[in-house]
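The values are calculated or read from the model by the stated rules, or taken from the named source; none is laboratory data. In this text the structure is predicted, and so the values were computed from the model without any measurement. Every residue, glycine as well, gets a Cβ built from its backbone with ideal geometry; the counts of neighbours run over all protein chains shown. Surface areas here come from the heavy atoms of the whole protein model, side chains and all, with no ligands, DNA or RNA. Shrake-Rupley method; radii C 1.70, N 1.55, O 1.52, S 1.80 Å.
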Amino acid sequence: MIISWYGEGCFKIQAGDLAILIDPFNAAVSLQPARGKFDIVLKTLSSWPIQAENNSETKETVNVFGPGKYEIKNAAIEGWPLEKESSEKFLKTVYIMEIDEVKFGLLGHIAKELEPKLEEFFKNLDILFIPVGGKPFIDAQTASKLCRRLSPKIIIPAFFKISGLKRQAETPATFYKELGQKEEKPEEKFSFRKKELAGLKMKIVKLKA
């Protein structure tokens with residue numbers, strides 16, 4: 001599998017012939033949007049009504065925009081609403097996705113502690129995507145404490161400061177410090193096999209947008 005990052009919370013997961021895009025953004029973000037064809041486009045933040053966004057679905061792309069269970073090709077996806085963080089205008093969703101026996105946790109736009117009733121679903125994952133750049137999302141201290149409780153094999157930071165990003169955000173430095181790890185240079189992409197994750201515990205993989 002190969003994971004690439006475009007900035008903010010936008011990631012691409014390539015698993016064989018399956019291409020998944022997570023939280024795409026438009027040019028207004030001031031970063032280069034993702035381009036290409038995708039089998040699945042998944043969003044952790046959706047405006048109401050969700051049905052209107054689903055109208056963009058094509059024969060080539062399946063859109064996932066909210067809570068529920070989805071079986072799409074060889075991907076099994078389950079989403080839960082962040083009830084305390086959603087409103088009449090938008091819905092926040094967190095997901096667990098399993099592809100070829102690799103389990104991903106997608107915390108998306110989370111801004112507060114993960115609700116206790118949801119934490120159990122997100123423990124001992126293979127890969128966890130989590131914001132680490134502070135407001136309007138969870139700060140580095142909260143993110144690090146959550147990671148310790150969830151104990152994923154791989155942590156992939158999102159929503160942190162990079163060149164070209166206009167909004168205010170923090171670097172991942174504090175997040176690394178809180179977890180007692182040395183900050184490494186960002187990788188262009190993260191390529192791995194399931195067996196290579198065995199024995200790992202909370203290894204941070206920072207990607208380059």
| said: As an exercise: evaluate residue 194 against (1) under 18 Å from the mean Cα position of the chain (by Cα); (2) closer than 24 Å to residue 70 by Cβ and give the number of the one condition it does not meet. | reply: (1)
| said: Restricting to the range 70-92, name every residue that is outside any loop (DSSP other than H, G, I, E, B) and either open to solvent by 10 Å² or more (accessible area, probe 1.4 Å) or touching a Phe, Trp or Tyr at 6+ places or on another chain (Cβ under 7 Å) (or both). | reply: 70, 71, 72, 76, 77, 78, 79, 80, 81, 90, 91, 92
| said: Taking the condition of being closer than 15 Å to residue 130 by Cβ and not in a helix (DSSP H, G or I), how many residues in the range 172-209 meet it? | reply: 10
| note | Note on residue 165: of the conditions (1) of a type outside the set (Ser, Thr, Tyr); (2) at pLDDT 95 or above; (3) under 22 Å from residue 3 (Cβ atoms); (4) in contact with a helix residue (DSSP H, G or I) (Cβ under 8 Å, 6 or more places away or on another chain), unmet is (2)
| note | Only unsatisfied item for residue 105, checking (1) farther than 22 Å from residue 14 by Cβ; (2) at pLDDT 95 or above, is (1)
| message | Here is a check on your reading of the model: is residue 123 surrounded by fewer than 19 Cβ atoms within 10 Å (Cβ to Cβ), charged (D, E, K, R), at negative phi and in contact (Cβ under 8 Å) with a residue 24 or more places away in the chain? | response | yes
